[in-house]
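Engineer: Quick one: the structure is below, and I'll ask about it shortly.
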Amino acid sequence: MPRNLKIILGVLALAVVVGLISFRSLHRRMQRLAESRAAEEQARHAVLAPPISTPTDVVAKAKIFWAAGADRVAAVEVEMPLSADPVERARQLLQALISNPPTAGQRTLPADATLSGFYILPDGTAIANFSDAISSEMPSGILSEETAVNSIARTLESNVAGLRRLKILIHGQEVETLAGNVDLTGFFDLNSVAAPAPVRTVSPAPPAPSPAH
Amino acid sequence: MLRRNLSAFPVPSRRGISDILCAVRNFVLCPALFLVAAACCLISVVRPSRSLAQQSEPQPAPQQEPAPPAPTAPSGLVIVLDPAHGGTDTGARGENGVAEKDIVLQIARAVREQLAKQGYRVLMTRNDDSNPSYDERAAIADAYHDAIFVSLHVSSTGTSGSVHTYFDQIGAPVPVPPPAAAPGTKAITPPTNGLTAWEDAQRPYIDVSHRLADLIQADLAQSFSGSPTASVAAPVRALRAVTGPAVAVELSSVSGSTPDSLNAAEGPLSAAIGHGIAELRQAVSTGGR
């Protein structure tokens, strides 16, 4: 074998070894960066959405519905302070749903979303008003949007008594869809055996134009 | 408290810069990685150029043109394919820049061709990068006495290569009580004029939509591993104003699949839609809605 070829092969072999070593260190650095991003997210939440505490708080087990696989949500029991006031209780639960998923894969709502307001009307209608991030940061798709709405509805119905239906607002407004697919113009049934369904209000005057036939 | 929280934010440090420099140096020092990168680039250049060539093929004929009649498909039936999103609404976006609106348009064109070969008359709610409103899309199906609406989607999430079929999920209507009449006046009740409200258009067709969605999903579950065997009820906005059987089919996903693998779904998808519609027609056998 010519000497030049031997040198080239040697250099290439050395390069491969160096490449493999550097690949491992690059991989470790990427992991560290991902961890720091999670820490940044937690810190941002601590500032923007500080924990809600009320005088009637009692530490109890709450069922919070996070993603369990690609296409369903499942309850996770979490011990957390829960208020006796249903409005504050709902706010505590939804904040936990956004901020504290056990793993990143179980997240159903965008990390940057915040609950701007929560109200309960005398007829049992719950109104949850979220920040724009719940729409703008939501991965578009029927599957992801349906999972997000299900996690909100089922967390509320499992932990707050007396709720009949849920209306989701974004930035104080009724919006057509969550992120391009799931209808938010209606209400979602709560405390039903089946998955929550949007309930559409029948308006006294039919809107124009009407579909053909 | 605030100070402690703020200190948790990462601050760019000298160590961070030296990390980046180290990484760059490692890259320079290893030609083997360059060779691998060059090979990857070559592959990625070759593959998109192939899909671009497919895109630049002449557009199919205008959507209103009826398909040649065939003995298998009923003559009055119209299938309305709805490629979701469009225009500034890109829908789901993959890491490699793939947009749902482009993928679903390509799939819809291919499905349209396949269904037309089976003798169906097929229309599309869009055949370019436009974004008609939900009600405009529904109105295309609503204009026909015997139409089936199929909305096509690609998700951001989900098990890669799986497919879900949805039908609209509607709760019981909540009637709004008429306004109370002032003392001494007669209460005015809203007139019932027999017109269907847009938001309730799908309500009478939920059962038949559910049946169609189940038939399509059962077929898809055989071709796409990881897919459920039954359809799912979901409040899909695109289906709400359709006065006829309406389903949404969503492939997973833009982030876990390549454009080529998503386009490869065209065949099984059109077969499942065709089978589902044929079986539904056979089961209902009323000839209309």
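Engineer: Per-residue mean of other chain beta-carbon atoms within 10 angstrom of the beta-carbon, peptide A:124-137?
Structural biologist: Rounded to a whole number, the mean comes out at 0.
Engineer: So, one more: May I ask for the angle, rounded to the nearest 10°, between helix A:3-48 and the longest principal axis of chain A, with both axes built from Cα atoms and the value confined to 0 to 90°?
Structural biologist: 20
Engineer: Report, to the nearest 10°, how far helix A:142-159 tilts away from the longest principal axis of the Cα atoms in chain A, using its own Cα long axis and a range of 0 to 90°.
Structural biologist: 60
Engineer: Further question: Counting only other chains, and only Cβ atoms inside 10 Å, what mean value do you get across the residues of B:150-163? Could you put the intermediate results ahead of the total?
Structural biologist: Numbers: counts 0, 2, 0, 6, 2, 10, 8, 10, 9, 4, 1, 0, 3, 0.
Mean shielding count: 4.
Engineer: What's the local net charge at A:Lys61, with K and R +1, D and E -1, over the other residues with C-beta under 10 Å away?
Structural biologist: After counting each charged neighbour, the total is -1.
Engineer: What does the charge count around B:Asp82 come to, taking other residues whose C-beta lies under 9 Å from its C-beta (Lys +1, Arg +1, Asp -1, Glu -1)?
Structural biologist: Net local charge, B:Asp82 excluded: +2.
Engineer: Using 0.36 nm per residue, how much length does the chain from A:Ala13 to A:Leu33 gain when fully extended, once their Cα-Cα distance is taken away?
Structural biologist: That pair, A:Ala13 and A:Leu33, stretches by 4.2 nm at full extension.
Engineer: Run lengths n ≥ 4 of DSSP H only: what is the helix-derived mean residue ellipticity at 222 nm for chain A, with -39500 (n - 2.57) per run over all residues, to the nearest 500?
Structural biologist: -13500 deg cm²/dmol
Engineer: What does the highest-first list of B:81-89, A:168-176 look like by mean Cβ count within 10 Å?
Structural biologist: B:81-89, A:168-176
Engineer: Continuing with the same structure: With a 10 Å cut-off between alpha carbons and a GNM built on chain A, which of A:Ala13, A:Ala148, A:Ala113 moves the most?
Structural biologist: Sorting by GNM fluctuation, first place goes to A:Ala13.
Engineer: I'd like the distance separating the alpha-carbon centroids of the range A:123-196 and the range B:225-289, in whole Å.
Structural biologist: The range A:123-196 and the range B:225-289 have Cα centres spaced 25 Å from each other.
Engineer: Please rank A:Thr177, A:Thr54, B:Thr125, B:Thr229, fewest neighbouring Cβ atoms within 10 Å first, as an exposure proxy.
Structural biologist: The fewest-first ordering by Cβ neighbours comes to B:Thr229, A:Thr54, A:Thr177, B:Thr125.
Engineer: In whole Hz and in residue order, list the ³J(HN,Hα) couplings for the range B:154-170 that follow from phi through the Karplus curve 6.51 cos²θ - 1.76 cosθ + 1.60, θ = phi - 60°; x for Gly and Pro.
Structural biologist: 10, 8, 8, 10, x, 5, 4, x, 9, 9, 10, 10, 10, 10, 5, 10, 10
Engineer: Of the residues A:Pro122, A:Pro101, A:Pro86, which exhibits the maximal mean-square fluctuation in a Gaussian network model of chain A defined by a 10 Å Cα contact cut-off?
Structural biologist: Among A:Pro122, A:Pro101, A:Pro86, the largest GNM mean-square fluctuation belongs to A:Pro122.
Engineer: Okay, next question. Show me the ranking of peptides B:263-269, A:178-184, B:111-117 by mean Cβ neighbours inside 10 Å, starting with the highest.
Structural biologist: Working: B:263-269: 17.7, A:178-184: 24.9, B:111-117: 19.9.
Descending packing order for the listed peptides: A:178-184, B:111-117, B:263-269.
Engineer: At what distance in nm do the modelled label points of B:Ser130 and B:His145 sit from each other, each positioned 7 Å from its Cα along Cα→Cβ?
Structural biologist: Those two pseudo-labels are separated by 2.7 nm.
Engineer: Would you kindly state how much longer the chain becomes between A:Ile127 and A:Thr56 on full extension, computed as 0.36 nm times their sequence separation minus their alpha carbon distance, in nm to one decimal?
Structural biologist: Here the segment from A:Ile127 to A:Thr56 would lengthen by 23.3 nm.
Engineer: Give the order of A:Met30, B:Met124, A:Met1 when sorted by the count of other beta carbons within 10 angstrom, beginning with the fewest. Provide the component values of the computation, followed by the final result.
Structural biologist: Working: A:Met30 11, B:Met124 23, A:Met1 6.
Neighbour counts put them in this order, fewest first: A:Met1, A:Met30, B:Met124.
Where a number appears in this text, it was derived from the coordinates with a stated rule and is not lab data. Predicted, not measured: the structure shown is a model, and the values here were computed from it. Every residue, glycine as well, gets a Cβ built from its backbone with ideal geometry; the counts of neighbours run over all protein chains shown.
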